[in-house]
Amino acid sequence: MPPDVESLALTYHYERHRGSETGVAHGHFTPRQEVNTIDLGLIAPDGTEVGETGSDKTSVQVSETSATPGYRPCRLVPGEWRILLGAYKVAPDGVMVTYELTFTPKRLRLLKGDLHAHTLASDGVLTVEELGRHALRHGLDFLAITDHNQKVAADALPRVPGLTLIPGIEWTHYKGHATFTGVDRPYDGSFAANTDEEVAARFASARARGALITIAHPFDEGCPFLFDAQALPFDCIEVWNGPMRPANLQAIGWWHNLLVAGKKIPVCGGSDYHRSQLFLFPGGPTTCVYTMSAGTSDILSALRSGHAYIVFAPDGPTLDMTAGEAMLGDSVPFARVKEIQVNVTGLHAEDVLQVVTPQSSTLLLKAEAPGHFQGSYRMEAPGFARVEILREFVPSLPALPALISNPIYFEV
Ligand SMILES: [Zn+2]
Ligand SMILES: [Zn+2]
């Protein structure tokens, strides 16, 4: 398997039936005798079975998000994969088997998702499948299932075609919540942690097993994060949890100060959906991710790299922001690159588009009508640049963030 393959299609051919035409009284007859029967299977580089389908299917497809029945969706890691042939029946003169392999390469795309949602397994009201279909209808491409202290294995998640369901858990402690996503079992045993050491052990285990660790709703009115986040390993801050409100604005402020202090910390959003209520819906907010595929591993890797922005709903404004070759979340040397290019669609009249740096906020546009914006901004000093769109959702009430981006970093 070469690197960066999104989907593999495998077709095999051999002479299964044989028979020669013979003349009979009223025409010709060709007997159809099965002389060869070859079963098909696929083995991953770690020796695990991806699937086996007897001799019935001659064409199979596998990717991280979908697979022909009989095969399991899995990451197409580069390396030596093996095609397993079962020589169930072979003609005395042998059989020639040929394969056709089609590798579909990964490509950059923008996917929309929700990284924080609850089901019947904790205090939500929908099953995973119902929630998945609901999310898909709201325009999402991926959804993380993060029930309170409830581990869920990827294999146990239902298939919802068109939606990537990501296994996760919301580690829920009376002193703070964090989501561990992308792995079946971020830690052994229970959530219970009665000392700082036990808390640190849960986070260290989640980190070692490859989970994306997100500090959830750090300033929530009911369950703020009271641990010392700087002392724990984490990948991301959920600065936008459910409807925009003071607790989220406070989280954005905290994150901004960490950026000013020189930290590189990506942010994401999650609806914390439990049931449909006013202002609560899957994708409220939506995290939009520039990812190389729809597979969980690529989505989480893009989030870890900050290749993402957060928007109030799946159909909110879109953002494309670059600096030279760099995209959101990337770093560039200030000596070489000083300008960012900003491309925004879906603006409403009165929307405010601004660039935020360590030094200032600069207005790029106050939209006089609905439309899109294309422009640039020149950095005055090293640091970072991130974009915000503010919108008056309710006339005469203050404008609130409609979009918050990760920064591009300009290094000394
Ligand atoms: Zn929570
Ligand atoms: Zn939650």
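Look through Thr119, Thr104, Thr58 and report the one residue that is under 24 Å from Met327 (Cβ atoms) and either in contact with a Leu (Cβ under 6 Å, 6 or more places away or on another chain) or surrounded by fewer than 20 Cβ atoms within 10 Å (Cβ to Cβ) (or both).
Details: Thr119 fails: under 24 Å from Met327 (Cβ atoms); Thr58 fails: under 24 Å from Met327 (Cβ atoms).
Thr104 is the lone residue from the list that is under 24 Å from Met327 (Cβ atoms) and either in contact with a Leu (Cβ under 6 Å, 6 or more places away or on another chain) or surrounded by fewer than 20 Cβ atoms within 10 Å (Cβ to Cβ) (or both).
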Show the residue pairs that are 6+ apart or on different chains and have beta-carbon atoms under 7 Å apart, the first residue being within the stretch 146-157 and farther than 14 Å from Phe191 by Cα and aliphatic (A, V, I, L, M), the second being assigned to a loop (DSSP other than H, G, I, E, B) and more than 11 Å from ligand 2 (Cβ to nearest atom). Ala153/Asp184; Ala154/Asp184
Based on this model, can you work out whether Lys175 counts as without any contact (Cβ under 8 Å) to a residue 60 or more places away in the chain, farther than 21 Å from Leu300 by Cα, within 16 Å of ligand 2 (Cβ to nearest atom) and charged (D, E, K, R)? yes
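Give the number of residues within the stretch 277-316 that are in a strand (DSSP E or B) and over 18 Å from Glu238 (Cα atoms).
In the first step, residues of the stretch 277-316 are kept if they are in a strand (DSSP E or B); the result is 277, 280, 286-291, 308-311.
In the following step, the residues that additionally are over 18 Å from Glu238 (Cα atoms) were identified as 277, 291.
Final tally of qualifying residues: 2.
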If I ask for residues that are among the aliphatic types (A, V, I, L, M) and part of a loop (DSSP other than H, G, I, E, B), which ones from the stretch 262-276 would you list? Ile265
I'm told Asp155 meets every condition in (1) surrounded by 16 or more Cβ atoms within 10 Å (Cβ to Cβ); (2) part of a helix (DSSP H, G or I); (3) modelled with pLDDT under 95 except one. Can you identify the failing condition by its number? (1)
What residue, of Gln230, Gln250, is away from ligand 2 (no atom under 16 Å from the Cβ), modelled with pLDDT under 95 and surrounded by fewer than 23 Cβ atoms within 10 Å (Cβ to Cβ)? Gln230
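Step by step: first the residues of the stretch 5-41, then only those that are surrounded by fewer than 15 Cβ atoms within 10 Å (Cβ to Cβ) and in contact (Cβ under 8 Å) with a residue 40 or more places away in the chain, then the one that is nearest to Thr98 (Cα to Cα). Which residue is that? Step through it out loud before you land on a result.
Going residue by residue through the stretch 5-41, those that are surrounded by fewer than 15 Cβ atoms within 10 Å (Cβ to Cβ) are 13, 15, 17-34.
Applying the additional criterion that residues be in contact (Cβ under 8 Å) with a residue 40 or more places away in the chain yields 13, 15, 18, 34.
On the way: His13: 5, Glu15: 10, Arg18: 17, Glu34: 18 Å.
My answer is His13.
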Which pairs turn up if I take residues in the stretch 86-98 that are modelled with pLDDT of 95 or more and look for partners that are small (Gly, Ala, Ser) and assigned to a loop (DSSP other than H, G, I, E, B) with beta carbon separation below 8 Å, at least 6 apart in sequence or on another chain? Gly86/Gly54; Gly86/Ser55; Tyr88/Ser55
Of the residues Leu165, Leu131, Leu143, Leu136, which single one is under 18 Å from the mean Cα position of the chain (by Cα), closer than 18 Å to Val289 by Cβ and either without any contact (Cβ under 8 Å) to a residue 12 or more places away in the chain or within 16 Å of ligand 2 (Cβ to nearest atom) (or both)? Leu143
What strands (runs of 3 or more DSSP E) lie completely within the stretch 363-412 and have 1 or more residues being within 18 Å of Leu328 (Cα to Cα) and of a type in the set (Lys, Arg)? 371-378, 383-391
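Strands (runs of 3 or more DSSP E) wholly in the stretch 19-127 with at least 1 residues that are within 16 Å of ligand 1 (Cβ to nearest atom) - which ones?
On the way: elements: 22-24, 27-29, 37-43, 49-52, 59-63, 82-89, 98-105, 109-114.
The strands (runs of 3 or more DSSP E) meeting that bar are 109-114.
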Check off (1) surrounded by 16 or more Cβ atoms within 10 Å (Cβ to Cβ); (2) in contact (Cβ under 8 Å) with a residue 24 or more places away in the chain; (3) under 21 Å from Ala87 (Cβ atoms) for Ala44 and give me the number that stays unchecked. (3)
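The values are calculated or read from the model by the stated rules, or taken from the named source; none is laboratory data. Not measured: the values here are computed from a predicted model. Glycine also receives a Cβ, built like all others from the backbone with ideal geometry; neighbour counts cover every protein chain displayed.
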